[in-house]
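Values quoted throughout were computed directly from the atomic coordinates according to the rules given, and no laboratory measurement underlies them. Since this is a predicted model, take the numbers as computed values, not measurements. Counting neighbours? That spans all protein chains shown, and the Cβs are built from the backbone with ideal geometry, glycine included.
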Amino acid sequence: MLKGKVAVVTGGTRGIGYAVVRKYLENGAKVVLFGSRAETVEKALASLKAENPDWVVEGASPDLSDAAQVAKVIENVKEKYGRLDILVNNAGVSDSTKVDDYDPVQFEKVMKLNVNAIFYAVQPAVKIMKEQGGGCILNTSSMVSISGQPSGVAYPTSKFAVNGLTLSLARELGPSNIRVNAVAPGVTKTDMVAALPDAMIQPLIQTIPLRRVGEPEEVANAFLFLASDMASYVTGEVLSVDGAARA
Ligand code: NAD
């Protein structure tokens, strides 16, 4: 479904991002994954190469709070592969601090990675996509971007911003043939969720209409659809993959 496409996936070393990278490779894309540390990038690359040595995948660990560094790495992708078709802004951090306990620095940390970093990657990517006549930008939102959550206010705030950025860029960039969409996962079985004790996860599951947590691969399927030509007329969409947990 993505044969010949070149993709960048931020936060691609584990969890949802790693599942997206795998899914894109399985579907013929060449992928550059970003991670926060060189060691975790190397580990992810080793595991992907072990699965299929023919997959064209490499990694980088730019500081996502540094716009110039992010731009340089994205320009390098274009230099090496000649194009950039898909940008997946997936790196993110969650939070559960109560409002009284918040240190403003913590609030800013969440906003910087979950919102500002997307903008830093979008700018150089859009330049390339405009030059080549089109492209696709995908952002990882969350079910809390619809329902809010009763703690860690920075996190839902950041994800509401992700939706706003997605819808606005879809309007601005549609005439340049650049589609912009988001995926809003529900509770997904990444390392963090898998490590939660049963006593905590079971009551949570009872609030989800599908009565289970989602698998990273199920979220990655939405990223595949939205990046593919199957979604050629889909833009400005926030696609929930949450078993209706947002309701
Ligand atoms: P994870 O913690 O397993 O992976 C996070 C990824 O982001 C890693 O690859 C990590 O390298 C990268 N990252 C984290 N901090 C970074 C930093 N400062 N600089 C650069 N990269 C950094 O998380 P996940 O659960 O796979 O979450 C991925 C995305 O999905 C996030 O945007 C998250 O908000 C969203 N999400 C997750 C869930 C869930 O239940 N897991 C639900 C809704 C939304």
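Observations on the model:
- Packing-based ranking, highest mean first, of 79-86, 234-241, 193-200 given that Cβ atoms within 10 Å are counted: 234-241, 79-86, 193-200
- Only Lys, Arg (+1) and Asp, Glu (-1) charged, at Cβ; the chain dipole about Cα centre in debye: 460 debye
- Fluctuation leader among GLY164, GLY92, GLY59 - the chain, Gaussian network, Cα springs under 10 angstrom: GLY164
- Helix content alone sets the calculated 222 nm mean residue ellipticity of the chain: runs of n ≥ 4 DSSP H residues at -39500 (n - 2.57) each, divided across all residues, give -14000 deg cm²/dmol.
- Selected from LEU33, LEU138, LEU113 as most flexible by GNM, with the chain as the system and alpha-carbon contacts under 10 Å: LEU113
- Under 15 Å, Cβ to Cβ, from VAL153 - net charge with Lys/Arg +1 and Asp/Glu -1: -2
- Here's how it looks for ASN139: its modeled amide H is under 5 Å from those of ASN89, ASN181, ALA182, VAL183, which are all 5 or more places away or on a different chain.
- GNM remark for the chain: springs join alpha carbons under 10 Å apart, and the peak mean-square fluctuation among THR140, THR207, THR157 falls on THR207.
- Alpha-carbon spread of the chain, three principal axes, descending order, Å: 49, 38, 36
- Members of LYS23/LYS189; LYS5/LYS30; LYS3/LYS189 lying beyond 18 Å, as alpha-carbon distances in this model show: LYS3/LYS189
- Chymotrypsin sites (Phe, Trp or Tyr not before Pro) restricted to region 195-234 and DSSP loop, no more than 13 other C-beta within 10 Å: TYR233
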